[in-house]
Amino acid sequence: MTSHIAPADSSRRRPPLWAVPVLWTLALGAWGLSRQHSVWRDEAATWQVAQRSTGEIWHMLGQVDVVHGLYYLLMHGLFATFGAGTTTLRLPSVLAMAVAAGCVTVIGRRLAGLWAGLGAGLALGLLPAVQFYLQEGRPYALVAAGAGIATLLLVTALQGRASAAHWTAYGGTVLLCALLNWLSLLMLPAHAVTLAWTRAGRGTWARWTAASSFAMAGALPLILFSRTQSGQVSWIPPLTWHMLIGPAVLLAIGALGALADRPSHPGGRLSVAAVGLPLLAVPQLGLIGLSLFQPLFLDRYVLFSMLGLALLIGTALGSAVRALTPRFPRASSWLVPVAVTVAVVALLPQSLSKRSPASRVDDVLAVSADVRRLKHPGDAVLFVPAARRDTALVSPDDFAGLSDIALAVTPVASGTLKGEEANPARIRTAMLAQHRILLVTDAAKVARPVSAERDKVKTAVLKEHFRAVSDEQVRGRRVTVYERRSG
C-alpha cells in the first residue's frame, strides 16, 4: 500500500512580504551608518547622557530634557551593554524604522493588495526625511515604529479581528510613543479621522476612546512637567509662510495617492486613503496649529506622519499595476521594481548627502581631534556658547590635561547638559591668569551673535589680552588657540 503525500503549499515556503521592506530598510540604514565617524550636537546630548548612571539621569530630568527621559534610559542600557559608539548610538533608529516599514507593508497589503504593500514598505525608507532620521541617535524613528504598530492594530480592529488584548496593546503602544515624545499623541486625532471616515461602530469607538484615554492619562504627568522646561525649545523660530511649503508639498502628494485609491475603495470603507491620508495630514496640521501658540514646528516631531505618505505612494503604485495589467500582463512583475530603481537613482545625490558629516550643523568629534593635536600641558579651555562643552563631554580623553576655567559645577553634578559656569567676573580673573587658552566655538558660517554676558566677557578678554596663534575650522566647529600678549 502506497501513500501519497501532497506537496507542501509553495506559498507557505515563501518569506513573508514584509520581510523585503524590512531588509531593504536595514540595508539603507547600514549604508554609511557612521557618517565618517561624525556626531552632531543633538546626538552628542544622547551620547553624554547615556553614559551617566540612572541616578544621574534621573537627577538631570528634573532640570532639563524630561521629554526624552525614557529614550535616555533606553540608550543608557544599550551603551552599558554594547559600549559607546556610533553603531550603538544609531542602530536602534535603523531597527525601529525597519519595524515601521514592515507595518506599512502589512497595512498596504491588507487594504490594497500585494504591490501596494510592497511599494509602501520600500518607499518609506527612501523618503528624504526618513533617510535623515533613519541614522539619527534620537528617538524619532522609535516613535515612527510605535506609530506603525499602533496603526496596524487599529486596522486590525477595523477589520473586525481585534480582541481586548489588541486594544490594550494599542493603548500601551500609544503611551510608549508619548513617553518618547508626547507630540506623537497627534496620531490619535489622525486615527479618529480614520474611524469617522470608515463609519466605525459604537463599540469600536468606545474601545478606541478607552485605549486613547488610557494613553493620554499616562502621558499627562510628563506633558505637564515638560511644560516647566519649555525654555528648551525657545530657540525654535515662529511659524512663517515659507515653513509651510514642505507640508503643503507632502499633503499634495498624499492627496494624489488618495485619489488613486478612490476607484477601488469608495467612501465609508476601510482603505489606504482612509488610513494614510489622516496619518499624513492630521499630525502636520496639528503641529502647525500648536505652533500658532508656541513655536514648535520641526518636521522631526511628526516624522511618524511619513508612514501615511508611504502608504499613499504604495497605493498609487498598486493602482498603476492594476491599470496596466489588462494591457500589459507582465506589468505587475516590473512596475514596482522599476519605480523603486528610478527613485533610488533620482534620490542618490540626496542620499549621499544625508550620509555625510555636512548633512548636520556640526561635528563634535572632528573638532575634538583638533583639540588633542593643538593642546599643550597647562593650557586652559573655554566654550562659546557653553553648550559647545558637549565636545569635551563626548570625547573626554581628547581634553585631558586642559583646565575648564569657566566651569563652576559639572554637568553631572548640576543635572544639566552643559554644566553651570562661574559669574563673569570670576571667568575674567581666571582667564587673565592663563598663558594659553583654547576656545571651542561654532564655525564662522554657522555661528550666532554672542548674547550671554559670560560669553561676551570671554570674547572681550581674548580680544584685549590675547592673540590668536592657531585657528582650525572643521565641520561646523572651530578651535582657536590664544596666547597672552606680552607686556
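Please determine, by comparing only the residues of region 154-179 that are within 16 Å of the chain's Cα centre (by Cα) and surrounded by fewer than 23 Cβ atoms within 10 Å (Cβ to Cβ), which one is nearest to residue 274 (Cα to Cα).
The selected residue is 176.
The residues of region 296-320 that are aromatic (Phe, Trp, Tyr) and assigned to a helix (DSSP H, G or I), listed by number, are 301, 304. Could you please let me know if residue 410 is at pLDDT 95 or above, closer than 17 Å to residue 464 by Cα and open to solvent by 10 Å² or more (accessible area, probe 1.4 Å)? Against the criterion (at pLDDT 95 or above, closer than 17 Å to residue 464 by Cα and open to solvent by 10 Å² or more (accessible area, probe 1.4 Å)), residue 410 does not qualify.
Does at least one position in region 326-347 carry a residue that is crowded, with 18+ Cβ neighbours inside 10 Å, in contact with a Leu (Cβ under 6 Å, 6 or more places away or on another chain) and at pLDDT 95 or above? No, every residue in region 326-347 fails to be crowded, with 18+ Cβ neighbours inside 10 Å, in contact with a Leu (Cβ under 6 Å, 6 or more places away or on another chain) and at pLDDT 95 or above. Could we say that residue 374 is within 18 Å of the chain's Cα centre (by Cα) and either β-branched (Val, Ile, Thr) or surrounded by 15 or more Cβ atoms within 10 Å (Cβ to Cβ) (or both) here? Against the criterion (within 18 Å of the chain's Cα centre (by Cα) and either β-branched (Val, Ile, Thr) or surrounded by 15 or more Cβ atoms within 10 Å (Cβ to Cβ) (or both)), residue 374 does not qualify. Go through region 448-461 and give me each residue that's surrounded by fewer than 19 Cβ atoms within 10 Å (Cβ to Cβ), closer than 27 Å to residue 369 by Cβ and modelled with pLDDT of 95 or more. Across region 448-461, the qualifying residue is only 459.
Do you know which residues across region 391-444 are basic (Lys, Arg) and closer than 21 Å to residue 63 by Cα? Walk me through it before giving the result.
Residues of region 391-444 that are basic (Lys, Arg), as a first pass: 418, 426, 428, 436.
Listed by number, the list holds a single entry, 418.
When 210, 206, 217 are checked against the criterion of being farther than 19 Å from residue 308 by Cβ, in contact (Cβ under 8 Å) with a residue 40 or more places away in the chain, open to solvent by 40 Å² or more (accessible area, probe 1.4 Å) and small (Gly, Ala, Ser), 210 stands alone in meeting it. Taking the criterion of being aliphatic (A, V, I, L, M), over 24 Å from residue 377 (Cα atoms) and in contact (Cβ under 8 Å) with a residue 24 or more places away in the chain, the residues of region 403-424 that qualify are 412, 417. Taking the residues in region 236-254 that are in contact (Cβ under 8 Å) with a residue 24 or more places away in the chain and farther than 16 Å from residue 296 by Cα as candidates, determine which candidate is surrounded by the most Cβ atoms within 10 Å (Cβ to Cβ). Here the answer is 254. Hey, could you check region 83-95 for residues that are in contact with a Leu (Cβ under 9 Å, 6 or more places away or on another chain) and surrounded by fewer than 24 Cβ atoms within 10 Å (Cβ to Cβ) and say which is farthest from residue 22 (Cα to Cα)? Among residues in region 83-95 that are in contact with a Leu (Cβ under 9 Å, 6 or more places away or on another chain) and surrounded by fewer than 24 Cβ atoms within 10 Å (Cβ to Cβ), the one farthest from residue 22 (Cα to Cα) is 86.
Residues of region 16-64 being of a type in the set (Ser, Thr, Tyr), open to solvent by 10 Å² or more (accessible area, probe 1.4 Å) and either without any contact (Cβ under 8 Å) to a residue 40 or more places away in the chain or more than 30 Å from residue 104 (Cα to Cα) (or both), which ones? The answer is 53, 54. Residue count for region 321-360, restricted to those that are in a helix (DSSP H, G or I) and under 26 Å from residue 136 (Cα atoms): 18.
Yes/no per residue for (1) touching a helix residue (DSSP H, G or I) at 6+ places or on another chain (Cβ under 7 Å); (2) hydrophobic (A, V, I, L, M, F, W, C); (3) in contact (Cβ under 8 Å) with a residue 40 or more places away in the chain:
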position	(1), (2), (3)
299	yes, no, yes
302	yes, yes, yes
308	yes, no, yes
314	yes, no, yes
345	no, yes, no
362	yes, no, yes
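State yes or no: is residue 118 touching a helix residue (DSSP H, G or I) at 6+ places or on another chain (Cβ under 8 Å), within 22 Å of residue 232 (Cα to Cα) and open to solvent by 10 Å² or more (accessible area, probe 1.4 Å)? Against the criterion (touching a helix residue (DSSP H, G or I) at 6+ places or on another chain (Cβ under 8 Å), within 22 Å of residue 232 (Cα to Cα) and open to solvent by 10 Å² or more (accessible area, probe 1.4 Å)), residue 118 does not qualify.
If you take the residues in region 428-447 that are without any contact (Cβ under 8 Å) to a residue 40 or more places away in the chain and under 37 Å from the mean Cα position of the chain (by Cα), which one is most open to solvent (accessible area, probe 1.4 Å)? Before the answer, list the steps.
Kept after step one, since they are without any contact (Cβ under 8 Å) to a residue 40 or more places away in the chain, are these residues of region 428-447: 428-429, 432-433, 444-445, 447.
Checking the rest, the ones that are also under 37 Å from the mean Cα position of the chain (by Cα) come to 444-445, 447.
Details: 444: 65, 445: 203, 447: 50 Å².
Taking the candidates together, the pick is 445.
The lone criterion from (1) out of contact with any Phe, Trp or Tyr (no Cβ under 6 Å at 6 or more places or on another chain); (2) open to solvent by 20 Å² or more (accessible area, probe 1.4 Å); (3) in a helix (DSSP H, G or I) left unmet by residue 278 is number (2).
In the set 369, 386, 392, only one residue is of a type outside the set (S, T, N, Q) and touching a strand residue (DSSP E or B) at 6+ places or on another chain (Cβ under 6 Å); that residue is 386.
The values are calculated or read from the model by the stated rules, or taken from the named source; none is laboratory data. This structure is a prediction, so every number in the text was calculated from the model and none was measured. FYI the Cβ positions are ideal-geometry reconstructions off the backbone, even for glycines, and counts take in every protein chain you see. Note: areas computed on protein heavy atoms with side chains; ligands, DNA, RNA excluded. Shrake-Rupley method; radii C 1.70, N 1.55, O 1.52, S 1.80 Å.
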